[in-house]
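Read-outs: derived from the displayed coordinates by stated rules, not from any lab. This one's a predicted model, so the numbers in the text were calculated from it and none came from an experiment. All Cβ positions, glycine included, derive from the backbone under ideal geometry; neighbour counts span all protein chains shown.
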Amino acid sequence: MSDAPEAAAPAVPPEDTLPERTTVASPDHLGEPGPPLDHKAPFFVGLVGGLGFALAWWLFDLVTGIGSTLVLIVVAFFIAAGLNPVVLLLERRGLKRSYAVIAVIIAFLAALALFFVAIVPVITDQITKITDNAPHWLDELQRNRRVQDLNDEYEVVDKIRDYVTNGDFAGAVFGGALGIGLAVVGALFNAFIVLVLTLYFLASMKSTTGALYSLAPASRRDRVSRLGDRVIAGIGGYVSGAFVVALCAGTSTLVFLFIVGLGEYAVALAFVVALLDVIPMIGATLGAVVVTAIAFATDVKTGIICAIFFIIYQQLENYVIYPRVMSRSVDIPGAVTVIAALVGAALLGVVGALLAIPTAAAILMLVREVYVRRQDAR
């Protein structure tokens, strides 16, 4: 081993004594990146907020542009939900869902075909008779002294007679012959779209709802599925219940009109009562007013009997038929029912009034099951 001392390491001068290195900028050098933008700066906040508002307005404009299409989709889904309980009933009887759906679809289409082939011509013929007899009824009405005084002052009866007897009344309403044709074509097209969508929703109810439920997080998917199934069951129960209530109203009116001697217009008037009875709050009253007015025009005694019948029947429907039919589908206070129907009618007219009650019931159920339970747990 050598006893020679190890070579000392060269001393490194401190950093502050080192000479500055000069960086020669190359042609490709783009400089050093600056600090990130301040996300709290007023300009940045205003820019992002303005872009967000513009995007939201653009999306709102798109939704309003397809509003009529969305209404058709919602109506078709509600009808499919109303037919779904029948499918579930057939499933519980041992029938496979595919066969149950096919059976319900065939029965639904057969009922529509029977209605258009057997009932529509009768309704059309009776409506024509009502229109032809309307001027005579107005003449009888005008013989009343009080009505004659009102007519002399406001010319109400004369205006009604002009509307009824004027052949251009429908053209004035729909905008001429072309407008009538377009209105009929549009109504048939919308009915066809609703029918196709209804059949599609009914056939793929489980897969459609399953796809929607899969959007929820896995930890909450079971609860979301249960709540969604409860909502769909409530909607289906309301739609089918409303159909049953309307069918009871139409059938009872049909039998009553044949008994009191108005069988000449019984089918048409019973259909009007059943159709209007679906509308919440005012539908049954409107149907009763129409039928009672025609009964009074034909005979005063018949009109009085008709008014008494509808007063008694509406009490029976309000306190016996409707509560029993809807007790398992819609759990909603009376005040909420009235408010929901008014809001729905203001937004979407008759369709909004029809869809408002099950929608309000679904929202109320979600509030009870989600928000109220969370508040009670605190």
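Filter the trypsin sites (Lys or Arg not before Pro) in segment 217-279 down to the DSSP loop ones having no more than 15 other Cβ atoms within 10 Å, then list what survives. If you can, show how the numbers build up before the last one.
Working: sites: Arg220, Arg221, Arg223, Arg226, Arg230; in loops: Arg220.
Within segment 217-279, the qualifying trypsin sites (Lys or Arg not before Pro) (loop, at most 15 other Cβ atoms within 10 Å) are Arg220.
Can you give the extra length, in nm with one decimal, that the chain gains between Val289 and His136 once fully stretched, where that is 0.36 nm per residue apart less the Cα-Cα distance?
Numbers: separation 153, 0.36 × 153 = 55.08 nm, distance 1.91 nm.
The Val289-His136 span can extend by a further 53.2 nm.
Which FRET efficiency, nearest 0.05, do Leu316 and Thr209 yield, Cβ-Cβ r, R0 51 Å?
Efficiency, from the Cβ-Cβ distance: 0.85.
Given a Förster distance of 22 angstrom, what is the FRET efficiency for Arg374 paired with Ser225, based on the Cβ-Cβ distance and rounded to 0.05?
On the way: r = 19 Å, r/R0 = 0.85.
The formula returns an efficiency of 0.70 here.
Specify which residue in the list Met205, Val245, Ile279 is farthest towards the positive end of the charge dipole of segment 186-337, using unit charges on the beta carbon of Lys, Arg (+1) and Asp, Glu (-1), about the Cα centre.
Among Met205, Val245, Ile279, the one farthest towards the positive end of the dipole of segment 186-337 is Met205.
About the Cα centre of segment 220-373, what is the dipole size in debye to 20, counting +1 per Lys and Arg Cβ and -1 per Asp and Glu Cβ, all else neutral?
On the way: 10 positive and 8 negative charges, 157 e Å.
Around 760 debye, computed over segment 220-373.
Between Phe116 and Leu70, what is the label-to-label distance in nm when each label sits 7 Å out along the Cα-to-Cβ direction?
3.0
Out of segment 264-318, which chymotrypsin sites (Phe, Trp or Tyr not before Pro) are coil in DSSP terms and have no more than 10 other C-beta atoms within 10 Å? Walk me through the numbers on the way to the answer.
Details: sites: Tyr265, Phe271, Phe296, Phe309, Phe310, Tyr313; in loops: none.
Passing both the DSSP loop test and the Cβ count: no residue.
Which one of Thr298, Leu254, Tyr371 has its Cα pushed farthest toward the positive end of the charge dipole of segment 220-373, where Lys and Arg give +1 and Asp and Glu give -1 at the Cβ?
The residue sitting most towards the positive pole is Tyr371.
Percent relative contact order of segment 220-373, based on C-alpha pairs within less than 8 angstrom and at least six residues apart?
Here the relative contact order equals 25 percent.
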